[in-house]
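Remarks on the structure that follows.
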Number of protein chains: 2
Amino acid sequence: MQTDEIIRMMSAQGLRITDQRKTLAKLFADTPGYQSPKDVYDYMGRSYAGLSFDTVYRNLRVLDELGVLEQVVFEDGVKFKLHCRGHDHHHHMICLQCGKTYPISYCPMDQTEVPDDFKVVKHKFEVFGYCKACSLEEESRA
Amino acid sequence: MQTDEIIRMMSAQGLRITDQRKTLAKLFADTPGYQSPKDVYDYMGRSYAGLSFDTVYRNLRVLDELGVLEQVVFEDGVKFKLHCRGHDHHHHMICLQCGKTYPISYCPMDQTEVPDDFKVVKHKFEVFGYCKACSLEEESRA
DNA sequence: GTGTATGCAAAACATTTGCAGGATG
DNA sequence: CATCCTGCAAATGTTTTGCATACAC
């Protein structure tokens, strides 16, 4: 997704387009993987000397609520990426090194036998590992 | 699993059996679902007036490292339960209300097509919802 | 007795909130 | 020019650490 497309979405939702939000849009347009609040803060901090952490948190939360971003909880904390829109329901393979994600179209819920008396609300299926680039890097380090 | 069986495991690993750890063992022997550190603190606090939070955290961490407990990260924080031992690889249905878990023997990795260049390390498959008891309760509240 | 576990206090983080000034539409 | 957004500071919540005392072995 393009930076200005994201900005248009924010604008359409009634948000004001500040320089900070433009930078935020560019970050998520340019990076395919999950970003921690700290990653975002570091990236934005390069453009804004006086950036504060609460601005980062506030915007991440707002954009998550508006459905522009999606939030996922990992072992090492909360992370964000662009919300996958316009696609069918799917899951992800996630690189433990670079955070990049790859779609898995297969959904295990079809095959899962759920007892009648259990009311399913949601499910989570995630595969973790190392993508090609990061595997090679690790090999060369070893 | 029985309380004294857990205590025996702790003892076998070289841990000293304090009253706090006995209580901890009883808690996890008696409760089938996931417990947050706060749940554990509240439960143990009933027996020990001067209980401190760091004792809870320390013991949960130690028992997780020894493989007695297992730690899972949920949206609303870290939780613990007895490690499923002696069983084959499996996944869980988890009740969002009471935290009780039910095993799912089916593993989606068999059906998942993973590209050759992605090195899989681990995976997570969890189904969330409401168990029979909690569903009924919710209905009667509505 | 020796060494580990505990409780206390304080530190280290992560995240949220109140408020005044500044920028956006 | 009204309102939303930001930055600062401080509050809040969670988890960790250092240290002296107490307890298990």
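The values are calculated or read from the model by the stated rules, or taken from the named source; none is laboratory data. Source: prediction; values computed, not measured. FYI the Cβ positions are ideal-geometry reconstructions off the backbone, even for glycines, and counts take in every protein chain you see.
Restricted to helices (runs of 4 or more DSSP H) entirely inside the stretch B:1-91, those with at least 1 residues that are closer than 30 Å to A:VAL72 by Cα are B:19-30, B:37-45, B:53-65.
Rundown of residues vs (1) more than 9 Å from every other protein chain (Cβ to nearest Cβ); (2) modelled with pLDDT under 90, yes/no style:
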{"position": "B:LEU96", "(1), (2)": "no, yes"}
{"position": "B:LYS122", "(1), (2)": "no, yes"}
{"position": "B:GLU126", "(1), (2)": "no, no"}
{"position": "B:GLY129", "(1), (2)": "no, no"}
{"position": "B:LYS132", "(1), (2)": "no, no"}
{"position": "B:GLU137", "(1), (2)": "yes, yes"}
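When the stretch B:95-141 is filtered for residues that are more than 23 Å from A:CYS95 (Cβ to Cβ) and either part of a helix (DSSP H, G or I) or assigned by TED's automatic domain parsing to the domain that holds B:GLY67 (or both), the ones remaining, listed by number, are B:LYS132, B:ALA133, B:CYS134, B:SER135, B:LEU136, B:GLU137, B:GLU138, B:GLU139, B:SER140, B:ARG141. Taking the criterion of being in contact with a strand residue (DSSP E or B) (Cβ under 6 Å, 6 or more places away or on another chain) and under 21 Å from A:PHE128 (Cα atoms), the residues of the stretch B:95-108 that qualify are B:ILE104, B:PRO108.
The rows are residues; the columns are (1) more than 9 Å from DNA strand C (Cβ to nearest atom); (2) within 14 Å of another protein chain (Cβ to nearest Cβ); (3) of a type outside the set (D, E, K, R).
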site	(1), (2), (3)
B:ILE6	yes, no, yes
B:LEU15	no, no, yes
B:LYS26	yes, no, no
B:PRO32	yes, no, yes
B:GLN35	yes, no, yes
B:ASP42	yes, no, no
B:GLY45	yes, no, yes
B:ALA49	no, no, yes
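Screening the stretch A:98-108 for residues that are under 14 Å from B:PHE125 (Cα atoms) and buried (at least 16 other Cβ atoms within 10 Å of the Cβ) and picking the one that is nearest to the other protein chains (Cβ to nearest Cβ) gives A:PRO108. A count restricted to the stretch B:21-61 and to residues that are touching a residue at least 24 places away in the same chain (Cβ under 8 Å), more than 17 Å from the chain's Cα centre (by Cα) and either crowded, with 19+ Cβ neighbours inside 10 Å or more than 9 Å from DNA strand D (Cβ to nearest atom) (or both) stands at 3. Inclusion of A:LEU82 among residues that are within 13 Å of DNA strand D (Cβ to nearest atom), buried (at least 16 other Cβ atoms within 10 Å of the Cβ) and more than 14 Å from chain B (Cβ to nearest Cβ) is not warranted.
A:LEU51 - would you say it is among the hydrophobic types (A, V, I, L, M, F, W, C), over 30 Å from B:CYS95 (Cα atoms) and at pLDDT 95 or above? The answer is no for A:LEU51. The numbered conditions (1) aliphatic (A, V, I, L, M); (2) in the same structural domain as A:TYR34 (by TED's automatic domain parsing); (3) loosely packed, with under 13 Cβ neighbours inside 10 Å are all true for A:LEU69 except (3).
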